[in-house]
Amino acid sequence: MLKLNNSLDSKLLDVLFVFISYIMFKFLRDKSKNTLIISVILLIFYTIGAIGISINPIEFAKLTPFNLLLTLIATLWLHPKKDTFFYVLLCFLFFASFTLEYAGVNTGLIFGKYKYGDALGQKIGNTPLLIGVNWIIVVYSSLHLVQTVSKKLNIKLNALSAAGIGALLMVLLDFLIEPIAPKLDFWAFENLVVPIQNYTAWFFFGFMFCFWLIKSGLISDNPIGWRVYLIQIGFFSILNLTL
């Protein structure tokens, strides 16, 4: 892993990180013409994040709350129909997933025994508020990848099949995050051993959330949804190699 001789490189990357965020928000004003540009900016954004974390893991991990919020806004901004029902569904998913994590971290009965660090920001009852945002991003982007691939291959999936594949994609992403989570002060399982229970719980609840979103009609053509999933897969794959 690379080491910093001083804090200058880290501060320069911080500035670049914020600058790219500003540029992306400028492009968000035109949803119809700038999908590819926003995707490229997100890719650059995550690439800089991977480089920064490889250089200075703890310091750059502190930007995770900002990263999650930026990714959420960029993803949902391009959702084709944002009505009251859309926001109600998102709020329900946020509170349902936060409650799930709250119960999980305080009882150890759902995912196994683990505790959260400080990198994910403000907590309520030992649970970061932004963990609900993370669930929204993962569920939403996973389902959009399933939708995009099935359309490209001209395969018709029923709700159960789509939800099952979406849940598997969620587990795959979690599998990549778990080895580096303690290093970035995200969370850590007891004795730093991730139990099988964690992955089975991720699949079960991921399936439930995916199925519910499909049946509610929330998943529609969003040109950036599937890209967000692949960018995160690449991001955490790189961190597994560099940390």
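Pair-distance distribution P(r) for segment 144-243, from all Cα-Cα distances in 5 Å bins starting at 0: 2, 12, 19, 21, 19, 13, 9, 4, 1, 0 percent.
Of all complete DSSP H helices in the chain, those with a Cα span along the helix axis of 20 Å or greater and a mean Kyte-Doolittle hydropathy of 0.5 or more are 8-27, 35-55, 84-107, 131-152, 159-177, 196-216, 225-242.
Can you sort TYR140, TYR87, TYR116 from fewest to most other Cβ atoms within 10 Å of each residue's own Cβ? Could you put the intermediate results ahead of the total?
Details: TYR140 25, TYR87 11, TYR116 19.
By the 10 Å Cβ count, ascending, the order reads TYR87, TYR116, TYR140.
When the alpha-carbon atoms of segment 89-202 are used, the pair Rg, Dmax equals 15.1, 46 angstrom. Computed over segment 8-242, the Cα gyration tensor eigenvalues convert (square root of 5λ each) into semi-axes of 25, 24, 16 Å, ordered from largest to smallest.
Place a point 7 Å from the Cα of SER54 along the Cα-to-Cβ direction; which residues of segment 218-241 have their backbone N under 14 Å from it? Once the point is set 7 Å along Cα→Cβ of SER54, 234-241 turn out to lie under 14 Å by backbone N, inside segment 218-241.
Read-outs: derived from the displayed coordinates by stated rules, not from any lab. Computed from a prediction, not measured in an experiment: that's the story for all the values here. A quick note on method: Cβ atoms are made from the backbone with ideal geometry, for glycine too, and the neighbour counts reach across all protein chains shown.
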